[in-house]
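The values are calculated or read from the model by the stated rules, or taken from the named source; none is laboratory data. Because the structure is predicted, anything quoted here is derived from the model rather than measured. A quick note on method: Cβ atoms are made from the backbone with ideal geometry, for glycine too, and the neighbour counts reach across all protein chains shown. Side chains included, ligands, DNA and RNA excluded: accessible areas come from the protein's heavy atoms. Shrake-Rupley method; radii C 1.70, N 1.55, O 1.52, S 1.80 Å.
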Amino acid sequence: MSFDHLIVRDVEGERRVAASALPLRLGTGGDSDIRLPGPGGGPVVLIDLLDGAPFAQPVGRDGSITLNGEPLVASRKLDDGDTLAFFGSRIEVSAADDRLMLSVRLEDSAYVTRPPELEDTEAAAREEAIMPAAFRRAAETRALEPAADRHILRWVLISGFVVLGVLAWLLFTSRSIEIAVTPEAPDRIDIRGGWFRLPLGNRVLLREGDYSLEVEKAGYYDVNQSFTVDDTPSRTIEVTLRRRPGEVIVYTADGAQATVTINGSIVGEAPLGPVELQPGEHTLEVQSERYLPVLHAFEMAGLARSDRITVQLVPRWANVTITSEPSGANILADDELVGTTPAVIELIEGEHTLSVVREGFKAWDGNVVTRPNEALELPLIELEAADARLLVNTVPRGANVTVDGRYRGQSPITIDLAPDVNYTIGLSKAGYGSATREVRLASAASEQITVDLSARTGRVTVNVSPADATVYVDGRARGTGTTTLDLSSAPKRIEVRKAGYETWQRTITPRPGYPQTLSARLRSDADIAAASIQREQTTEEGHVLRRIEPGEFRLGSSRGEAGRRANEVIVPVRLTRPFLIGVNEVTNRQFAAFDPAHDSGADLSPTMAGDNNPVANVTWTQAVRYLNWLSAKEGLNPVYKEEFGEWVAIRPFPNGYRLPTEAEWAWAIRYEGNPNALRFPWGEGWPPRRVTGNFADQSADGIAPTLIPDYDDGFTATSPVGNFPANAAGLHDGGGNVAEWTNDYYAVPTPGQTRPVVDPLGPERGRSNVIRGSSWRHGTETELRLSYRDQGTEARPDLGFRIARNLEPAAE
């Protein structure tokens, strides 16, 4: 049945709604076409026609709307007799006689006030007896004294009405927010920001403002996203969780070594793993030299799970059984000695040449074809007694000998031949010429031949660095420095040696008529030791520290540099020891393990409280106390101690964690561990031409004093650490995000110093400490320069720190 309109019957009467006016909005809000009694901002249902047939479409997944008693969570076709229910209100559907009617019934609504039920007054009057009152003299009566508790009760009632009024105001001025998480049933949902929130089922009432939402679920990446509540009465915040990668472990059933390829890339040898893979479909290929390849497609669920795949490899070889009469004959397969009869030999699939040879007997030659994993047994081989024998000698010895192209062994060798048959004897040796001889022996003859194989040489030149290294060929010294040799065309092991250097070696086959050149550059033991140094260390709290080598440089900036401040006096510095410095600034998550109640500034911007954002609003004292706590966790000696109510560094520094000195900070961040200093984190030009860090951009308008023109890094305040590219030393956020405390007390150096200060630690006492680096609140040319120096004593919403540490003596 098809309809082109519908009829609505409610308390206002009956009205006709054309198809062009659809969809019809049913709900409890003021914007509904059919408004039903219920809470404001409640559920909404759209009524519409599709190909002339009516259907109902819920908005959101409230679950309080039912169709025929079942929650309406998806689009449903409406049939004659269907009933929609909203908080007791009913909408009955009638689709008969070419009429589609919606009848609204409010009798059972929980939001409709009913008149009071009055008792039968006449019956009550009959049942109630009127009794005479006893007369008392006025002198016998006493005026009632007002109760002392009446005033208290009055104030309690007034206070109650005030509280109810405030609650009502909060309810009517808050907005209904639904958090829709895919997949459902997260382990934790946390909303940060604001001061009022009221959970109502799968919704929450929030005041207008900025909020951050954190969602966690086992097996999925945590989500931390921001959202703004405006004057929209109701909205849905959709959060899609991304599955964490999984791990796969690959085994072969019989423990055979095999090469494992995943998605076309070789990843290693089986047994292999665990290998981290993203969720989704993957291809696995397992190859082994003596087995058939295996290609397998599998689905990786991810969710931080570990899957085990065991591959059953099928052998490429066949077991071939060979017997002879008499036994004890040598078996040659493809010119290689593989056993003695009787024997079971393994032959890879394909065609092979076989020879069965025993002294005093004629050789047996044949061909076999094998199939993978299919056993083969040859008939008994009956060897015939030989009538003639040939002894083959060569100069040099050890040449390969063949008879009519079939391998028989190496010279010297005695070959049994049939009489009166023409044979071709072949001889060859690597690095020498090859030769053939034609022989025919009479019955019972015994002869010998000797063949001199001439050597074939090729020219090899070895270029050597350092120039006084010695060249060796097959273990024998042949020259010093660059050497040219004529070598026989057999594989040769070339070595270049020098005391204090790693030996260089190659294997080469000289080729007659084709000169070859090798270049041998030796690495010194010192270079090898430097390459083996551990470049990074990780703390128990997840801090990654990078090793910075020592160097010589200048603190400060020249007077002609635009934006220079007077405290940027040039001081020559020489650092003599390597040190460790944090790759990233300390994060809120890491600092919360020490001080769970710390607030980095969520009232300024909710994102500042993000777990992976840098901790801010910390004093120098809070920073060094955290570092002492971190040192104690790892059994290290603390660097800081409390003296007369103030925290100071112990000199020389113990082995615990500390703040970097100002010189260390400048060498690692501004100079990046090499002699060339940067002016800005992105290079030399002003302003920045591309997004390179978290500075005062357009999104910080209103909370940063000065903005960089036409710059937008996408973050109002702090950003997650490591979100922008690292510098050449591998360190993130040296410019931008938060400025950083250093270990030094603040002072302005004396100008004119020419002799380098060795490993400076700054003044021994002071009233404030040096702050280095720009932050998300900085937007001027002066502040964004890497030579910019600041100082302070108080916490700031754009001030944090990174950790540093001395290297243990054994690691230097």
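The table for this structure:
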read-out	value
Residue tally, condition open to solvent by less than 70 Å² (accessible area, probe 1.4 Å), more than 21 Å from Arg802 (Cβ to Cβ), without any contact (Cβ under 8 Å) to a residue 60 or more places away in the chain and hydrophobic (A, V, I, L, M, F, W, C), over the stretch 527-561	3
Some residue of the stretch 223-239 being in contact with a Phe, Trp or Tyr (Cβ under 9 Å, 6 or more places away or on another chain), outside any strand (DSSP E or B) and open to solvent by less than 90 Å² (accessible area, probe 1.4 Å)	no
Test: residue in the stretch 568-584 that is under 28 Å from the mean Cα position of the chain (by Cα) and open to solvent by 10 Å² or more (accessible area, probe 1.4 Å)	yes
Among residues of the stretch 357-375, those that are among the hydrophobic types (A, V, I, L, M, F, W, C), out of contact with any Leu (no Cβ under 7 Å at 6 or more places or on another chain) and either touching a residue at least 40 places away in the same chain (Cβ under 8 Å) or over 20 Å from Trp317 (Cα atoms) (or both), counted	2
Number of the condition not met by Trp195 [criteria: (1) more than 34 Å from the chain's Cα centre (by Cα); (2) open to solvent by 80 Å² or more (accessible area, probe 1.4 Å); (3) under 15 Å from Ile177 (Cα atoms)]	(3)
Residue match in the stretch 747-767 (condition: buried (at least 22 other Cβ atoms within 10 Å of the Cβ), among the basic types (Lys, Arg), outside any strand (DSSP E or B) and at negative phi)	no
Positions within the stretch 538-575 being touching a strand residue (DSSP E or B) at 6+ places or on another chain (Cβ under 6 Å) and of a type in the set (Ser, Thr, Tyr), in sequence order	Thr538
Condition check for Asn463: in contact (Cβ under 8 Å) with a residue 24 or more places away in the chain, within 27 Å of Ala333 (Cα to Cα) and outside any loop (DSSP other than H, G, I, E, B)	no
Residue among Asn422, Asn400 that is at pLDDT 90 or above, polar (S, T, N, Q) and buried (at least 17 other Cβ atoms within 10 Å of the Cβ)	Asn400
Members of the stretch 611-630 that are within 28 Å of the chain's Cα centre (by Cα) and in a helix (DSSP H, G or I)	Tyr626, Leu627, Leu630
Residues that are without any contact (Cβ under 8 Å) to a residue 60 or more places away in the chain and out of contact with any Asp or Glu (no Cβ under 7 Å at 6 or more places or on another chain), drawn from the stretch 584-625	Phe591, Ala592, Phe594, Asp595, Pro596, Ala597, His598, Asp599, Asp603, Thr621, Val624, Arg625
Selection from the stretch 54-100 of residues that are open to solvent by 20 Å² or more (accessible area, probe 1.4 Å), in a strand (DSSP E or B) and either within 12 Å of Leu26 (Cβ to Cβ) or basic (Lys, Arg) (or both)	Gln57, Val59, Arg76, Lys77, Ala85, Arg90, Arg99
Answer residue from the stretch 269-287, given it is touching a residue at least 24 places away in the same chain (Cβ under 8 Å) and small (Gly, Ala, Ser) and is farthest from Gln312 (Cα to Cα) among those	Gly273
Selected residue [more than 19 Å from Arg777 (Cβ to Cβ) and small (Gly, Ala, Ser)] from Gly714, Gly693, Gly735, Gly673	Gly673
Residue in the stretch 376-386 that is at pLDDT below 85, surrounded by fewer than 13 Cβ atoms within 10 Å (Cβ to Cβ) and either closer than 25 Å to Ala444 by Cβ or touching a Leu at 6+ places or on another chain (Cβ under 8 Å) (or both) present	yes
Residue in the stretch 796-809 that is surrounded by fewer than 19 Cβ atoms within 10 Å (Cβ to Cβ), farther than 19 Å from Trp620 by Cα and more than 30 Å from the chain's Cα centre (by Cα) present	yes
Residues located in the stretch 438-452, provided they are open to solvent by 50 Å² or more (accessible area, probe 1.4 Å) and either farther than 15 Å from Arg389 by Cα or of a type in the set (Val, Ile, Thr) (or both)	Thr450, Asp452
Pick from the stretch 18-53, criterion small (Gly, Ala, Ser) and in a strand (DSSP E or B), ranking: nearest to Glu178 (Cα to Cα)	Gly27
Any hit, the stretch 36-54, residues being in contact with a helix residue (DSSP H, G or I) (Cβ under 8 Å, 6 or more places away or on another chain), in contact (Cβ under 8 Å) with a residue 40 or more places away in the chain and over 20 Å from Arg203 (Cα atoms)	yes
Single match in Thr621, Thr587 (criterion: open to solvent by 40 Å² or more (accessible area, probe 1.4 Å) and in contact with a strand residue (DSSP E or B) (Cβ under 8 Å, 6 or more places away or on another chain))	Thr621
Test: residue in the stretch 24-39 that is open to solvent by 30 Å² or more (accessible area, probe 1.4 Å), within 48 Å of the chain's Cα centre (by Cα) and among the hydrophobic types (A, V, I, L, M, F, W, C)	no
Strands (runs of 3 or more DSSP E) within the stretch 331-403 that include 2 or more residues of a type in the set (Gly, Ala, Ser)	350-357
Leu707 being in contact with a strand residue (DSSP E or B) (Cβ under 8 Å, 6 or more places away or on another chain), farther than 18 Å from Asn769 by Cα and either among the polar types (S, T, N, Q) or part of a loop (DSSP other than H, G, I, E, B) (or both)	yes
Single residue of the stretch 153-182 satisfying the filter (among the charged types (D, E, K, R) and not in a helix (DSSP H, G or I)) that is farthest from Ser212 (Cα to Cα)	Arg175
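This table checks each residue for (1) open to solvent by less than 40 Å² (accessible area, probe 1.4 Å); (2) assigned to a helix (DSSP H, G or I); (3) farther than 14 Å from Leu786 by Cβ.
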site: Phe653; (1), (2), (3): yes, no, yes
site: Glu672; (1), (2), (3): yes, no, no
site: Pro688; (1), (2), (3): yes, no, no
site: Ser699; (1), (2), (3): no, yes, yes
site: Asp713; (1), (2), (3): yes, no, yes
site: Ala728; (1), (2), (3): no, no, no
